[in-house]
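What follows is a short report on a single structure.
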Amino acid sequence: MESHSLSSQTIRAKLPTQSLPRAFNGPNPKSLFSLPSFPSRISPMMPLLTSSRRLEIHRRSTSFTRQTSNSSSKFRARAVGSDSGRQLDVTRELIVLNSALTLVLGVGNRVLYKLALVPMKEYPFFLAQVTTFGYLAIYLSILYARYRAGIVTKEMVAYPKSRFLLIGFLEALGVICGMYAGAMLPGPAIPILSQTFLVWQLTLSVFILGRTYSLNQIAGCLLVAAGVVLAVTSGSDSNQMLAGIAFVWPVLMVASSAFQAGASIIKEFVFIDAARRLKGKVLDIFVVNSFGSGFQALFVLLFLPFLSNLKGIPFSELPSFLKSGAGCFFNIGNNVSGCDGAPMLPLLYIFTNIAFNISALNLMKISSAVISSLVVMSSVPLSMFLLSMPLPYLPQGSSLSPFFLLGSAVLLIGLILYNIPQTQKKDTEL
(Lines give C-alpha, C1' and ligand atoms only; values in the text may rest on other atoms or scores of the structure.)
Protein backbone atom coordinates (compact mmCIF):
# COMPACT_ATOMS: atom_id res chain seq x y z
CA MET A 1 0.00 0.00 0.00
CA GLU A 2 1.35 3.37 -0.97
CA SER A 3 0.14 6.52 0.82
CA HIS A 4 0.69 10.01 -0.54
CA SER A 5 -0.19 13.28 1.19
CA LEU A 6 -0.98 16.06 -1.26
CA SER A 7 -1.80 19.69 -0.65
CA SER A 8 -1.46 21.91 -3.70
CA GLN A 9 0.25 19.65 -6.23
CA THR A 10 -1.28 19.01 -9.60
CA ILE A 11 -2.94 15.59 -9.79
CA ARG A 12 -3.64 13.76 -12.99
CA ALA A 13 -5.13 10.27 -12.87
CA LYS A 14 -6.15 7.87 -15.58
CA LEU A 15 -9.47 6.27 -14.80
CA PRO A 16 -12.13 4.58 -16.93
CA THR A 17 -14.72 7.23 -17.64
CA GLN A 18 -17.67 4.81 -17.36
CA SER A 19 -16.89 3.78 -13.80
CA LEU A 20 -17.12 7.28 -12.33
CA PRO A 21 -20.92 7.72 -12.01
CA ARG A 22 -21.51 4.25 -10.59
CA ALA A 23 -18.78 4.45 -8.00
CA PHE A 24 -19.55 7.93 -6.80
CA ASN A 25 -21.72 7.84 -3.70
CA GLY A 26 -21.61 11.53 -2.75
CA PRO A 27 -24.55 13.91 -2.68
CA ASN A 28 -23.95 15.41 -6.14
CA PRO A 29 -21.13 13.99 -8.23
CA LYS A 30 -21.48 16.49 -11.04
CA SER A 31 -20.98 19.41 -8.72
CA LEU A 32 -17.84 18.00 -7.10
CA PHE A 33 -16.08 16.93 -10.30
CA SER A 34 -17.25 18.97 -13.25
CA LEU A 35 -15.84 17.28 -16.35
CA PRO A 36 -15.48 19.71 -19.27
CA SER A 37 -15.81 18.64 -22.86
CA PHE A 38 -12.54 17.24 -24.18
CA PRO A 39 -11.72 15.92 -27.62
CA SER A 40 -12.29 12.20 -27.94
CA ARG A 41 -8.58 11.48 -28.06
CA ILE A 42 -8.09 12.66 -24.48
CA SER A 43 -11.56 11.99 -23.05
CA PRO A 44 -10.34 9.27 -20.65
CA MET A 45 -8.21 11.81 -18.86
CA MET A 46 -9.59 13.52 -15.75
CA PRO A 47 -9.15 17.31 -15.46
CA LEU A 48 -6.35 18.81 -13.48
CA LEU A 49 -7.32 19.25 -9.84
CA THR A 50 -5.54 22.57 -9.44
CA SER A 51 -8.58 24.87 -9.29
CA SER A 52 -10.12 25.61 -5.92
CA ARG A 53 -13.49 25.09 -7.57
CA ARG A 54 -12.60 21.44 -8.09
CA LEU A 55 -11.02 20.65 -4.76
CA GLU A 56 -11.15 22.86 -1.72
CA ILE A 57 -8.78 22.21 1.17
CA HIS A 58 -9.76 23.59 4.54
CA ARG A 59 -6.59 23.92 6.64
CA ARG A 60 -5.67 20.35 6.03
CA SER A 61 -4.11 18.32 3.27
CA THR A 62 -6.12 15.95 1.15
CA SER A 63 -4.94 12.37 1.40
CA PHE A 64 -5.14 9.85 -1.38
CA THR A 65 -4.58 6.21 -0.54
CA ARG A 66 -3.79 3.81 -3.30
CA GLN A 67 -4.39 0.11 -2.79
CA THR A 68 -2.55 -2.01 -5.29
CA SER A 69 -3.98 -5.37 -6.31
CA ASN A 70 -3.68 -7.71 -9.26
CA SER A 71 -7.14 -6.89 -10.60
CA SER A 72 -8.03 -3.28 -9.90
CA SER A 73 -7.04 -0.16 -8.05
CA LYS A 74 -9.19 1.97 -5.74
CA PHE A 75 -8.71 5.55 -4.77
CA ARG A 76 -10.47 6.87 -1.67
CA ALA A 77 -10.67 10.63 -1.32
CA ARG A 78 -12.11 12.76 1.42
CA ALA A 79 -12.66 16.24 0.09
CA VAL A 80 -14.94 19.23 0.34
CA GLY A 81 -16.21 20.46 -3.03
CA SER A 82 -16.93 24.16 -3.03
CA ASP A 83 -19.25 23.83 -6.05
CA SER A 84 -21.19 21.10 -4.29
CA GLY A 85 -21.58 23.10 -1.11
CA ARG A 86 -22.50 26.23 -3.00
CA GLN A 87 -25.18 24.45 -5.02
CA LEU A 88 -26.61 22.79 -1.93
CA ASP A 89 -26.70 26.16 -0.15
CA VAL A 90 -28.46 27.76 -3.11
CA THR A 91 -30.98 24.90 -3.22
CA ARG A 92 -31.68 25.24 0.51
CA GLU A 93 -32.10 29.00 0.16
CA LEU A 94 -34.52 28.55 -2.75
CA ILE A 95 -36.56 26.00 -0.81
CA VAL A 96 -36.66 28.25 2.27
CA LEU A 97 -37.64 31.33 0.25
CA ASN A 98 -40.28 29.46 -1.73
CA SER A 99 -41.61 27.87 1.46
CA ALA A 100 -41.95 31.29 3.09
CA LEU A 101 -43.68 32.70 0.00
CA THR A 102 -46.03 29.70 -0.22
CA LEU A 103 -46.84 30.01 3.48
CA VAL A 104 -47.70 33.72 3.16
CA LEU A 105 -49.79 33.12 0.04
CA GLY A 106 -51.47 30.12 1.70
CA VAL A 107 -52.54 32.24 4.65
CA GLY A 108 -53.74 35.01 2.34
CA ASN A 109 -55.60 32.48 0.21
CA ARG A 110 -57.57 31.10 3.16
CA VAL A 111 -58.34 34.50 4.64
CA LEU A 112 -59.38 36.02 1.32
CA TYR A 113 -61.56 33.00 0.52
CA LYS A 114 -63.46 33.61 3.74
CA LEU A 115 -63.77 37.31 2.86
CA ALA A 116 -64.83 36.51 -0.72
CA LEU A 117 -67.70 34.41 0.63
CA VAL A 118 -69.11 37.49 2.39
CA PRO A 119 -70.57 38.92 -0.86
CA MET A 120 -70.78 35.48 -2.50
CA LYS A 121 -72.41 33.66 0.42
CA GLU A 122 -75.36 32.61 -1.76
CA TYR A 123 -73.15 31.63 -4.68
CA PRO A 124 -70.20 29.52 -3.48
CA PHE A 125 -70.93 27.02 -6.26
CA PHE A 126 -70.58 29.80 -8.83
CA LEU A 127 -67.28 30.90 -7.28
CA ALA A 128 -65.99 27.32 -7.47
CA GLN A 129 -66.81 27.10 -11.18
CA VAL A 130 -65.15 30.45 -11.85
CA THR A 131 -61.96 29.22 -10.22
CA THR A 132 -62.06 25.97 -12.21
CA PHE A 133 -62.73 27.34 -15.69
CA GLY A 134 -61.30 30.84 -15.21
CA TYR A 135 -57.95 29.50 -14.11
CA LEU A 136 -57.76 27.33 -17.20
CA ALA A 137 -58.02 30.40 -19.45
CA ILE A 138 -55.41 32.26 -17.40
CA TYR A 139 -52.95 29.35 -17.31
CA LEU A 140 -53.30 28.73 -21.05
CA SER A 141 -52.71 32.43 -21.77
CA ILE A 142 -49.54 32.43 -19.66
CA LEU A 143 -48.41 29.17 -21.28
CA TYR A 144 -48.91 30.64 -24.77
CA ALA A 145 -46.94 33.79 -23.87
CA ARG A 146 -44.08 31.72 -22.45
CA TYR A 147 -44.13 29.50 -25.54
CA ARG A 148 -43.85 32.50 -27.84
CA ALA A 149 -41.01 33.85 -25.70
CA GLY A 150 -39.10 30.59 -26.05
CA ILE A 151 -39.28 29.69 -22.36
CA VAL A 152 -41.54 26.73 -23.07
CA THR A 153 -40.19 24.48 -25.83
CA LYS A 154 -41.97 22.18 -28.27
CA GLU A 155 -40.54 19.19 -26.40
CA MET A 156 -42.22 20.40 -23.19
CA VAL A 157 -45.58 20.85 -24.88
CA ALA A 158 -45.23 17.40 -26.50
CA TYR A 159 -44.88 15.67 -23.12
CA PRO A 160 -47.32 12.68 -22.95
CA LYS A 161 -50.79 13.93 -22.03
CA SER A 162 -51.87 10.69 -20.37
CA ARG A 163 -50.22 11.84 -17.12
CA PHE A 164 -52.13 15.12 -17.17
CA LEU A 165 -55.36 13.30 -17.97
CA LEU A 166 -54.83 11.14 -14.87
CA ILE A 167 -54.02 14.22 -12.77
CA GLY A 168 -57.18 15.98 -13.93
CA PHE A 169 -59.31 12.89 -13.35
CA LEU A 170 -58.00 12.38 -9.81
CA GLU A 171 -58.43 16.05 -8.90
CA ALA A 172 -61.99 16.07 -10.26
CA LEU A 173 -62.79 12.90 -8.30
CA GLY A 174 -61.31 14.52 -5.19
CA VAL A 175 -63.53 17.58 -5.62
CA ILE A 176 -66.68 15.52 -6.24
CA CYS A 177 -66.10 13.12 -3.34
CA GLY A 178 -65.24 16.03 -1.05
CA MET A 179 -68.39 17.92 -1.98
CA TYR A 180 -70.65 14.89 -1.46
CA ALA A 181 -69.02 13.98 1.87
CA GLY A 182 -68.82 17.60 3.03
CA ALA A 183 -72.57 17.99 2.53
CA MET A 184 -73.24 15.15 5.00
CA LEU A 185 -70.44 15.57 7.58
CA PRO A 186 -70.37 18.04 10.49
CA GLY A 187 -68.04 20.99 10.01
CA PRO A 188 -65.27 20.08 12.51
CA ALA A 189 -64.98 16.56 11.09
CA ILE A 190 -64.00 17.76 7.61
CA PRO A 191 -60.55 19.26 8.43
CA ILE A 192 -59.76 16.30 10.70
CA LEU A 193 -60.47 13.71 8.00
CA SER A 194 -58.65 15.87 5.44
CA GLN A 195 -55.38 15.42 7.35
CA THR A 196 -55.20 11.89 5.94
CA PHE A 197 -53.97 13.71 2.81
CA LEU A 198 -50.43 13.79 4.20
CA VAL A 199 -50.54 10.11 5.18
CA TRP A 200 -51.64 9.22 1.65
CA GLN A 201 -48.83 11.34 0.22
CA LEU A 202 -46.19 9.58 2.29
CA THR A 203 -47.55 6.16 1.33
CA LEU A 204 -47.98 6.88 -2.38
CA SER A 205 -44.56 8.54 -2.70
CA VAL A 206 -42.98 5.33 -1.39
CA PHE A 207 -44.77 3.10 -3.94
CA ILE A 208 -44.82 5.47 -6.93
CA LEU A 209 -41.58 7.44 -6.52
CA GLY A 210 -39.60 4.90 -4.52
CA ARG A 211 -38.96 7.43 -1.75
CA THR A 212 -37.69 6.43 1.67
CA TYR A 213 -38.32 8.39 4.85
CA SER A 214 -36.52 8.31 8.16
CA LEU A 215 -38.36 7.78 11.43
CA ASN A 216 -38.05 11.44 12.40
CA GLN A 217 -39.56 12.52 9.04
CA ILE A 218 -42.53 10.17 9.45
CA ALA A 219 -43.01 11.27 13.06
CA GLY A 220 -42.72 14.91 12.01
CA CYS A 221 -45.44 14.53 9.36
CA LEU A 222 -47.77 12.81 11.82
CA LEU A 223 -47.15 15.55 14.40
CA VAL A 224 -47.96 18.23 11.83
CA ALA A 225 -51.25 16.49 11.01
CA ALA A 226 -52.04 16.05 14.72
CA GLY A 227 -51.24 19.71 15.38
CA VAL A 228 -53.63 20.86 12.66
CA VAL A 229 -56.36 18.60 14.07
CA LEU A 230 -55.87 20.04 17.58
CA ALA A 231 -55.85 23.61 16.30
CA VAL A 232 -58.92 23.20 14.11
CA THR A 233 -61.10 21.25 16.54
CA SER A 234 -60.26 23.65 19.39
CA GLY A 235 -61.69 21.43 22.08
CA SER A 236 -64.82 20.25 20.30
CA ASP A 237 -66.37 17.00 21.40
CA SER A 238 -64.74 14.72 18.85
CA ASN A 239 -66.15 11.58 20.47
CA GLN A 240 -69.67 12.58 19.48
CA MET A 241 -68.68 14.31 16.26
CA LEU A 242 -69.62 11.44 13.93
CA ALA A 243 -72.56 10.15 15.96
CA GLY A 244 -75.46 9.29 13.67
CA ILE A 245 -73.36 9.73 10.51
CA ALA A 246 -73.35 6.86 8.02
CA PHE A 247 -69.97 5.16 7.69
CA VAL A 248 -69.81 5.83 3.95
CA TRP A 249 -69.43 9.61 4.34
CA PRO A 250 -66.18 9.64 6.40
CA VAL A 251 -64.82 6.98 4.02
CA LEU A 252 -65.72 9.19 1.05
CA MET A 253 -63.91 12.16 2.61
CA VAL A 254 -60.81 10.03 3.20
CA ALA A 255 -61.05 8.84 -0.43
CA SER A 256 -61.21 12.48 -1.53
CA SER A 257 -57.91 13.12 0.25
CA ALA A 258 -56.43 10.00 -1.36
CA PHE A 259 -57.39 11.16 -4.87
CA GLN A 260 -55.90 14.60 -4.33
CA ALA A 261 -52.74 13.16 -2.78
CA GLY A 262 -52.39 10.82 -5.74
CA ALA A 263 -52.66 13.78 -8.13
CA SER A 264 -49.92 15.65 -6.27
CA ILE A 265 -47.56 12.66 -6.32
CA ILE A 266 -48.13 12.15 -10.05
CA LYS A 267 -47.28 15.83 -10.59
CA GLU A 268 -43.98 15.25 -8.80
CA PHE A 269 -43.43 12.14 -10.93
CA VAL A 270 -44.07 14.25 -14.06
CA PHE A 271 -41.28 16.68 -13.11
CA ILE A 272 -38.86 13.81 -12.46
CA ASP A 273 -39.80 11.93 -15.63
CA ALA A 274 -39.71 15.09 -17.77
CA ALA A 275 -36.15 15.85 -16.66
CA ARG A 276 -35.12 12.49 -18.10
CA ARG A 277 -37.13 12.88 -21.30
CA LEU A 278 -35.96 16.46 -21.84
CA LYS A 279 -32.32 15.52 -21.17
CA GLY A 280 -31.91 17.54 -18.00
CA LYS A 281 -34.25 20.43 -18.82
CA VAL A 282 -36.85 21.28 -16.18
CA LEU A 283 -40.47 21.09 -17.29
CA ASP A 284 -42.17 24.47 -17.05
CA ILE A 285 -44.75 24.58 -14.28
CA PHE A 286 -47.32 26.21 -16.56
CA VAL A 287 -47.28 23.13 -18.78
CA VAL A 288 -48.33 21.07 -15.76
CA ASN A 289 -50.82 23.69 -14.54
CA SER A 290 -52.42 24.25 -17.94
CA PHE A 291 -52.89 20.66 -19.07
CA GLY A 292 -53.74 19.39 -15.58
CA SER A 293 -56.35 22.14 -15.11
CA GLY A 294 -57.66 21.51 -18.63
CA PHE A 295 -58.44 17.87 -17.99
CA GLN A 296 -59.82 18.70 -14.53
CA ALA A 297 -62.18 21.25 -16.08
CA LEU A 298 -63.25 18.66 -18.67
CA PHE A 299 -64.18 16.10 -16.02
CA VAL A 300 -65.87 18.72 -13.82
CA LEU A 301 -67.92 19.77 -16.85
CA LEU A 302 -68.98 16.16 -17.40
CA PHE A 303 -70.03 15.85 -13.75
CA LEU A 304 -71.65 19.30 -13.62
CA PRO A 305 -75.27 17.98 -13.55
CA PHE A 306 -74.46 15.84 -10.50
CA LEU A 307 -72.64 18.70 -8.78
CA SER A 308 -75.48 21.17 -9.35
CA ASN A 309 -78.07 18.72 -8.02
CA LEU A 310 -75.86 18.13 -5.00
CA LYS A 311 -75.97 21.83 -4.24
CA GLY A 312 -79.74 21.90 -4.57
CA ILE A 313 -79.71 23.50 -8.02
CA PRO A 314 -81.74 21.63 -10.66
CA PHE A 315 -79.76 21.33 -13.86
CA SER A 316 -82.55 23.06 -15.81
CA GLU A 317 -82.15 26.12 -13.55
CA LEU A 318 -78.36 26.18 -13.73
CA PRO A 319 -78.11 28.88 -16.48
CA SER A 320 -80.26 31.35 -14.53
CA PHE A 321 -78.32 30.55 -11.34
CA LEU A 322 -75.00 31.24 -13.09
CA LYS A 323 -76.39 34.51 -14.45
CA SER A 324 -77.43 35.61 -10.94
CA GLY A 325 -74.03 34.55 -9.60
CA ALA A 326 -72.25 36.61 -12.26
CA GLY A 327 -74.38 39.63 -11.36
CA CYS A 328 -73.39 39.30 -7.69
CA PHE A 329 -69.74 38.62 -8.58
CA PHE A 330 -69.46 41.87 -10.55
CA ASN A 331 -72.00 43.64 -8.31
CA ILE A 332 -74.08 44.79 -11.25
CA GLY A 333 -77.78 44.43 -12.09
CA ASN A 334 -81.09 45.54 -10.66
CA ASN A 335 -81.69 42.50 -8.46
CA VAL A 336 -78.30 42.50 -6.74
CA SER A 337 -78.43 42.75 -2.95
CA GLY A 338 -76.14 41.64 -0.16
CA CYS A 339 -73.10 41.62 -2.48
CA ASP A 340 -71.14 44.35 -0.73
CA GLY A 341 -67.41 43.91 -1.26
CA ALA A 342 -67.77 42.52 -4.78
CA PRO A 343 -66.00 42.45 -7.16
CA MET A 344 -62.95 43.52 -5.14
CA LEU A 345 -62.94 40.65 -2.60
CA PRO A 346 -63.63 37.81 -5.09
CA LEU A 347 -61.00 39.15 -7.49
CA LEU A 348 -58.44 39.48 -4.70
CA TYR A 349 -59.11 35.88 -3.74
CA ILE A 350 -58.79 34.65 -7.34
CA PHE A 351 -55.46 36.41 -7.96
CA THR A 352 -54.08 35.28 -4.62
CA ASN A 353 -55.25 31.72 -5.24
CA ILE A 354 -53.54 31.67 -8.64
CA ALA A 355 -50.28 32.92 -7.10
CA PHE A 356 -50.61 30.38 -4.28
CA ASN A 357 -51.15 27.45 -6.67
CA ILE A 358 -48.17 28.49 -8.79
CA SER A 359 -45.95 28.93 -5.73
CA ALA A 360 -47.01 25.58 -4.21
CA LEU A 361 -46.36 23.77 -7.50
CA ASN A 362 -42.97 25.45 -7.87
CA LEU A 363 -42.08 24.43 -4.31
CA MET A 364 -43.06 20.86 -5.18
CA LYS A 365 -40.83 21.02 -8.25
CA ILE A 366 -37.69 22.10 -6.36
CA SER A 367 -38.32 19.98 -3.24
CA SER A 368 -41.09 17.38 -2.99
CA ALA A 369 -44.85 17.02 -2.71
CA VAL A 370 -44.58 16.20 0.99
CA ILE A 371 -42.61 19.37 1.82
CA SER A 372 -45.09 21.45 -0.16
CA SER A 373 -47.97 19.89 1.77
CA LEU A 374 -46.28 20.52 5.12
CA VAL A 375 -45.97 24.22 4.26
CA VAL A 376 -49.60 24.39 3.10
CA MET A 377 -50.81 22.67 6.27
CA SER A 378 -48.81 25.12 8.36
CA SER A 379 -50.93 27.93 6.92
CA VAL A 380 -54.10 26.55 8.57
CA PRO A 381 -53.43 27.68 12.18
CA LEU A 382 -52.01 31.02 11.01
CA SER A 383 -55.09 31.74 8.91
CA MET A 384 -57.34 30.72 11.81
CA PHE A 385 -55.49 33.17 14.05
CA LEU A 386 -55.99 36.00 11.55
CA LEU A 387 -59.64 35.13 11.04
CA SER A 388 -60.18 35.30 14.81
CA MET A 389 -59.32 39.01 14.67
CA PRO A 390 -61.73 41.74 13.50
CA LEU A 391 -61.33 42.19 9.74
CA PRO A 392 -63.06 44.33 7.11
CA TYR A 393 -66.47 42.79 6.35
CA LEU A 394 -65.88 40.40 9.30
CA PRO A 395 -65.80 42.79 12.26
CA GLN A 396 -67.04 40.37 14.92
CA GLY A 397 -63.94 38.20 15.29
CA SER A 398 -63.83 35.15 17.55
CA SER A 399 -61.93 33.69 20.48
CA LEU A 400 -59.44 30.83 20.34
CA SER A 401 -59.27 28.09 22.93
CA PRO A 402 -56.06 26.78 24.54
CA PHE A 403 -56.29 23.81 22.17
CA PHE A 404 -55.39 26.16 19.34
CA LEU A 405 -52.09 27.12 20.99
CA LEU A 406 -51.39 23.48 21.85
CA GLY A 407 -52.06 22.39 18.28
CA SER A 408 -49.85 25.15 16.88
CA ALA A 409 -47.00 24.09 19.19
CA VAL A 410 -47.35 20.44 18.13
CA LEU A 411 -47.33 21.50 14.48
CA LEU A 412 -44.15 23.52 14.98
CA ILE A 413 -42.44 20.58 16.72
CA GLY A 414 -43.44 18.35 13.81
CA LEU A 415 -41.92 20.74 11.26
CA ILE A 416 -38.66 20.94 13.23
CA LEU A 417 -38.54 17.15 13.59
CA TYR A 418 -39.10 16.61 9.87
CA ASN A 419 -36.30 19.04 8.93
CA ILE A 420 -33.62 17.68 11.28
CA PRO A 421 -30.54 17.36 9.04
CA GLN A 422 -29.63 13.83 8.06
CA THR A 423 -26.04 12.67 8.39
CA GLN A 424 -24.43 12.11 5.03
CA LYS A 425 -21.40 10.08 4.13
CA LYS A 426 -18.41 12.15 3.17
CA ASP A 427 -16.25 9.26 2.03
CA THR A 428 -16.23 8.91 -1.73
CA GLU A 429 -14.88 5.99 -3.66
CA LEU A 430 -13.52 6.41 -7.16
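The values are calculated or read from the model by the stated rules, or taken from the named source; none is laboratory data. Bear in mind the structure is a predicted one, so any value in this text is a computation, not a measurement. All Cβ positions, glycine included, derive from the backbone under ideal geometry; neighbour counts span all protein chains shown. Note: areas computed on protein heavy atoms with side chains; ligands, DNA, RNA excluded. Shrake-Rupley method; radii C 1.70, N 1.55, O 1.52, S 1.80 Å.
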Along the charge dipole of the range 100-167, Cβ charges K/R +1 and D/E -1, which of MET156, LEU117, ILE138 sits furthest on the positive end? MET156
When only Cα pairs under 8 Å and 6 or more residues apart are kept, what is the percent relative contact order across the range 159-288? 47 percent
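May I ask you to rank LYS161, LYS121, LYS267 by accessible area, largest first, using a 1.4 Å probe over the protein chains only?
LYS121, LYS161, LYS267
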Unit charges at the beta carbon, dipole of the range 201-344: most positive-side option, LEU215, CYS328, ILE266: ILE266
Can you compute the modelled spin-label distance between ASP273 and ALA183, with each label point 7 Å from Cα toward Cβ, in nm? 3.4 nm
So how much slack lies between ILE420 and GLU122, counting 0.36 nm per residue of separation and subtracting their Cα-Cα distance, in nm? 102.7 nm
For ILE245, tell me the accessible area in Å² from a 1.4 Å probe, rounded to the nearest 10. 50 Å²
Tell me the net charge near LEU386. Cut-off is 15 Å between Cβ atoms, LEU386 excluded, with +1 for each Lys or Arg and -1 for each Asp or Glu. +2
For a quick check of understanding: with a 1.4 angstrom probe and all protein chains in place, what accessible area in square angstrom does MET364 have, to the nearest ten? 20 Å²
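R0 = 35 Å: FRET efficiency of ALA355 with PHE330, Cβ-based, nearest 0.05? It would help to have the intermediate numbers written out before the result.
On the way: r = 22 Å, r/R0 = 0.62.
That pair, ALA355 with PHE330, gives E of 0.95.
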Along the Cα-to-Cβ line of ARG92, 7 Å from the Cα, sits a label point; which residues in the range 353-385 have backbone N less than 17 Å from it? 367-368
Measure off 7 Å from each Cα along the Cα-to-Cβ vector at PHE133 and ALA149, then give the distance between these two points in nanometres to one decimal. 2.9 nm
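Magnitude of the Cβ-charge dipole of the range 263-320, K/R +1 and D/E -1, about the Cα centre, nearest 20 debye? Spell out each step's value before the answer.
Working: 6 positive and 4 negative charges, 65 e Å.
Value, rounded to 20: 300 debye.
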How do PHE291, PHE385, PHE356 stack up against each other in accessible area, from largest to smallest, with a 1.4 angstrom probe? PHE385, PHE291, PHE356
Identify the residues of the range 109-124 with backbone N under 11 Å of a label point that sits 7 angstrom from the Cα of SER399 along the Cα-to-Cβ direction, or state none. none
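Sorted by accessible area with a 1.4 angstrom probe, largest first, how do ARG110, ARG211, ARG148 fall?
Numbers: ARG110 100, ARG211 70, ARG148 165 Å².
Sorted by accessible area, descending: ARG148, ARG110, ARG211.
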